[in-house]
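Let me begin by presenting the structure, written as structure tokens, before commenting on it.
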Amino acid sequence: MKIYVKTSLQHGRGVFALKPIHKGEMVLTFSGPLVHRARLDNNDYHLQIAEDHYLGASGREDDYVNHSCAPNSGFQGGLTLVALRDIEKNEEITWDYSTAIDEEDFPGFPCRCGATACRGAVASFRYLPLDERLRLQSWLLRYLQEKYFPALLLKSG
């Protein structure tokens, strides 16, 4: 594996590249127990993967990948993060949480990613400005692509 968990200066704990990861290369795949929204404990790590379904904590590296508004990885065709650009050894792995979250009642939270293009808050995809949703469309989880950009899926097969 090309990743490891350690202390992150901005996020507490994070996932870092053990060696260089090239653009397009698989970084990690999210896993964990399937949890219905009605049984969700908001104090536990979880990843929304459908309207009312989530992956709970896996106890592995995927539980510690942090958010950035200018991430170096994104989803591609499932629960796998791939490098959006070359990632250097010891660089923190990040992804944009808004590419998975689509809860109507998600209150969001302040973002401290430090990116030049930081939005200032992590929000549900549905509440992002249209230009931001269009920018992120290629890196969404499949359920969001199906919901918001079905024509894109028809083109890609």
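Think of the chain as having a plus end and a minus end, set by charges on the Cβ of Lys, Arg, Asp and Glu; of 78, 64, 4, 4 sits farthest toward the positive end of this dipole. Of the accessible area of the stretch 1-155, computed with a 1.4 Å probe over protein heavy atoms only, carbon and sulfur atoms account for 52 percent. Per-residue Karplus couplings for the stretch 135-142, computed as 6.51 cos²θ - 1.76 cosθ + 1.60 with θ equal to phi - 60°, are listed in order as 5, 8, 4, 6, 10, 7, 5, 4 Hz, Gly and Pro entered as x.
Within the stretch 1-55, the proportion of C-alpha pairs whose separation exceeds 15 Å stands at 62%. Set against the 2.2 N^0.38 Å expectation for a compact globular protein, the chain has a Cα radius of gyration ratio of 1.00. Between 144, 79, 18, where does the largest GNM mean-square fluctuation fall for the chain, given springs only between Cα atoms within less than 10 Å? Among 144, 79, 18, the largest GNM mean-square fluctuation belongs to 18. Close amide H pairs (under 5 Å, H built 1.01 Å from N) link residue 91 with 17, residues at least 5 positions away or on another chain. Scattering from the stretch 88-157 was approximated by placing one identical point on each alpha carbon and applying the Debye formula without solvent; log10 I(q)/I(0) at 0.18, 0.19, 0.20, 0.21 1/Å stands at -0.75, -0.82, -0.88, -0.95. Of the residues 93, 125, 144, the one whose Cα sits farthest towards the positive end of the charge dipole of the chain is 93 (charges of +1 on Lys and Arg Cβ, -1 on Asp and Glu Cβ, taken about the Cα centre).
The values are calculated or read from the model by the stated rules, or taken from the named source; none is laboratory data. Please read these numbers as outputs of a predicted model, since none were measured by experiment. Note that we place each Cβ from the backbone using ideal geometry, even for glycine, and neighbour counts take in every protein chain shown. Heads up: the accessible areas ignore ligands, DNA and RNA and are worked out on the full protein's heavy atoms, side chains in. Shrake-Rupley method; radii C 1.70, N 1.55, O 1.52, S 1.80 Å.
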